[in-house]
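Visitor: Mind having a look at this structure? Questions to follow.
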């Protein structure tokens, strides 16, 4: 589905069904150097179980046009304008990694806030930022290695026969390659690293909150959620996965999401 | 990322959660129980991942597929009934009647038959080009072209495909490159790292390694941007436009990098049905565990045997890229630094009868029509696979009356050389 936001074309995957703004809406927000395709199983499930689904591509990512925005706060506001364009008042906001911070920023319009693979502060080491700047492909491979916990995870994403580390690397390379004038990897990591508004944003949250964490996550360690838990009083799910929870534990992730959406 | 040898043992597998079995279990089950009707519907509708029916996927076969994707540096794989089935699946996922392939002339005979005769009958045409002639590749591309295709080591002369150069010109034209990497295996070369977009194997050969089962595997590197190519040229509508045969799905929208594999599995395996048996996949996994060890020995033995043959008076020519006399020796050193494979041909300076006498004198080499076994193999094309051809027709196919093809196994190389010595002596007297 294509929407018009800030004069630019914005893409949202609708889960294999035409979007219906009258249904309870679920918005999926991807992380750094990703796109909507990390959500397809969950998006299809929601779309076929009574929800209107918008799995967005953030500006400058995947199929959405425009320049990447310069802060998590700006992306939160962009998400509000996307909801306006789609004719949606409030929605369940489900974000992964960088997307979880965007969901938090936009949570004034959330019926439920689901932060997947999250941490706060979401600091990125100077060494990794430098590698992302100078040798982005090496950084992509390093992040892929950090993001997966096992030699294999069943039943596979998006289906059997998929090699998750290969898929994750290829997706990051593709998203990076579609922005030849910009090092999008470095850009996205800088946004995560710089974000410092979580306490204020958390103060605006009035909906139920869930954290879905990978017990073996080496990118956003589940130990780094204490402040979020104190501010948001969330329901916390710790799943047997690394950072790429949707790919490594799709069944457990679906079960946790169903609880979060009520 | 773990190293190649580690991936060969572990990629795609974990100890079985139900039983604790360390080896990958063999799941000989055609189908898998649904938890309830809702679960069934969600599996069919790709809302959840899992197994339904073993033609589409199977837990044992999936381990083999994941391991091959990991070893090739790809995003996923589909195991097939044979290497021929893998080639057919690749072509028919990308095009229907009216489509066109540009292929190397240096192909396995079965691949040539499929492209030149059988697929042509279904409206898919192929132009064959000298794999070393980059201008020929470029000028053969037509508006209907959907694929460029060659072998990492071609038949019968072991032409080394210049994958970086051919993939570059393919990508300039907005087309993917498919490589048959059967002779090299990912141990000797990972075509995806050199620019290939799709890779397939006759897994019957070195991947299995023991001459026990027939199978194939098709790997997607996940590197080709089907959407970008479609936007420019309108090509690849099978991946970038809604497919009525599967929920109206646009595969490139569903999976940004995995569109090809989605369509190949959801249409190709479903409808053509050339899947791999889980029993075959289990045997393939036993082979993959020792692939690095076996391939190192295969190429070391092949180099030793090729060097021996090159010194023999009754031998005219040894077509092995590991020898400086091969026209692609320099390219092989660049693209195949671990070795130039273990299958090669040489020409006896003699008649068909001498070729036959040579073969019949061998004791260790088995005379049969296969390659890539742990045991050394031999065939004399002029008296077997190509016996209907006269000498002129043989020459045009790059085969002489005394051409012998060897597949070098894992035996003690001194024993292999002794066997060849004895047979050469007998042939010399024939």
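Visitor: Quick one: is residue B:218 farther than 30 Å from residue B:41 by Cα and not assigned by TED's automatic domain parsing to the domain that holds residue B:408?
Guide: Spelling it out, it is not the case that residue B:218 is farther than 30 Å from residue B:41 by Cα and not assigned by TED's automatic domain parsing to the domain that holds residue B:408.
Visitor: From B:70, B:62, B:103, which residue is within 18 Å of residue B:265 (Cα to Cα), modelled with pLDDT of 95 or more and not in a loop (DSSP other than H, G, I, E, B)?
Guide: Step by step, each of B:70, B:62, B:103 is checked, and only B:62 is within 18 Å of residue B:265 (Cα to Cα), modelled with pLDDT of 95 or more and not in a loop (DSSP other than H, G, I, E, B).
Visitor: Take residue A:38 and tell me if it is closer than 18 Å to residue A:256 by Cβ and either touching a residue at least 24 places away in the same chain (Cβ under 8 Å) or in contact with a helix residue (DSSP H, G or I) (Cβ under 9 Å, 6 or more places away or on another chain) (or both).
Guide: Answer is yes for this residue.
Visitor: To continue, here is another question. So which of B:50, B:98 is in contact with a helix residue (DSSP H, G or I) (Cβ under 9 Å, 6 or more places away or on another chain) and either closer than 28 Å to residue B:249 by Cβ or surrounded by 22 or more Cβ atoms within 10 Å (Cβ to Cβ) (or both)?
Guide: B:50
Visitor: Please state which one of A:178, A:174 is more than 29 Å from residue A:90 (Cα to Cα), touching a residue at least 24 places away in the same chain (Cβ under 8 Å) and either within 14 Å of chain B (Cβ to nearest Cβ) or buried (at least 23 other Cβ atoms within 10 Å of the Cβ) (or both).
Guide: Selected residue: A:178, the only one of A:178, A:174 that is more than 29 Å from residue A:90 (Cα to Cα), touching a residue at least 24 places away in the same chain (Cβ under 8 Å) and either within 14 Å of chain B (Cβ to nearest Cβ) or buried (at least 23 other Cβ atoms within 10 Å of the Cβ) (or both).
Visitor: Can you spot a residue in the range A:59-75 that is within 22 Å of residue A:23 (Cα to Cα) and away from chain B (no Cβ under 11 Å)?
Guide: There is no residue in the range A:59-75 that is within 22 Å of residue A:23 (Cα to Cα) and away from chain B (no Cβ under 11 Å).
Visitor: On to the next question. With the checklist (1) in contact with a helix residue (DSSP H, G or I) (Cβ under 7 Å, 6 or more places away or on another chain); (2) more than 10 Å from every other protein chain (Cβ to nearest Cβ); (3) surrounded by fewer than 24 Cβ atoms within 10 Å (Cβ to Cβ); (4) not in a loop (DSSP other than H, G, I, E, B) in hand, flag the one item residue B:227 doesn't pass.
Guide: Among (1) in contact with a helix residue (DSSP H, G or I) (Cβ under 7 Å, 6 or more places away or on another chain); (2) more than 10 Å from every other protein chain (Cβ to nearest Cβ); (3) surrounded by fewer than 24 Cβ atoms within 10 Å (Cβ to Cβ); (4) not in a loop (DSSP other than H, G, I, E, B), the lone unmet condition for residue B:227 is (2).
Visitor: Among the candidates B:171, B:201, which residue alone is in the same structural domain as residue B:260 (by TED's automatic domain parsing) and either under 29 Å from residue B:325 (Cα atoms) or touching a helix residue (DSSP H, G or I) at 6+ places or on another chain (Cβ under 6 Å) (or both)? Even if it seems obvious, please write down each step before you answer.
Guide: Working: B:171 fails: either under 29 Å from residue B:325 (Cα atoms) or touching a helix residue (DSSP H, G or I) at 6+ places or on another chain (Cβ under 6 Å) (or both).
The match here is B:201.
Visitor: Residue under question is residue B:147, and the condition is that it be free of Cβ contacts under 8 Å to residues at least 60 places away in the same chain and crowded, with 23+ Cβ neighbours inside 10 Å; does it hold?
Guide: yes
Visitor: Where in the range B:241-316 are there helices (runs of 4 or more DSSP H), lying wholly inside it, with at least 3 residues that are more than 11 Å from every other protein chain (Cβ to nearest Cβ), surrounded by fewer than 21 Cβ atoms within 10 Å (Cβ to Cβ) and out of contact with any strand residue (DSSP E or B) (no Cβ under 7 Å at 6 or more places or on another chain)?
Guide: Counting at least 3 such residues, we get B:278-289, B:291-310.
Visitor: Those residues that are buried (at least 22 other Cβ atoms within 10 Å of the Cβ) and part of a loop (DSSP other than H, G, I, E, B), I need them from the range B:211-222; list them, please. Walk me through how you get there before you give the answer.
Guide: Residues of the range B:211-222 that are buried (at least 22 other Cβ atoms within 10 Å of the Cβ), as a first pass: B:215-222.
B:215, B:221, B:222, listed by residue number.
Visitor: Please give the number of the condition residue B:28 fails out of (1) more than 9 Å from every other protein chain (Cβ to nearest Cβ); (2) surrounded by 14 or more Cβ atoms within 10 Å (Cβ to Cβ).
Guide: Only one criterion in (1) more than 9 Å from every other protein chain (Cβ to nearest Cβ); (2) surrounded by 14 or more Cβ atoms within 10 Å (Cβ to Cβ) is unmet by residue B:28, namely (2).
Visitor: So, one more: Select, from B:157, B:96, the only residue that is in a loop (DSSP other than H, G, I, E, B), closer than 22 Å to residue B:239 by Cβ and not assigned by TED's automatic domain parsing to the domain that holds residue B:387.
Guide: Exactly one residue qualifies, and that residue is B:96.
The values are calculated or read from the model by the stated rules, or taken from the named source; none is laboratory data. Computed from a predicted model, the values in this text were never measured in an experiment. We place every Cβ from the backbone using ideal geometry, glycine too, and count neighbours over all the protein chains shown.
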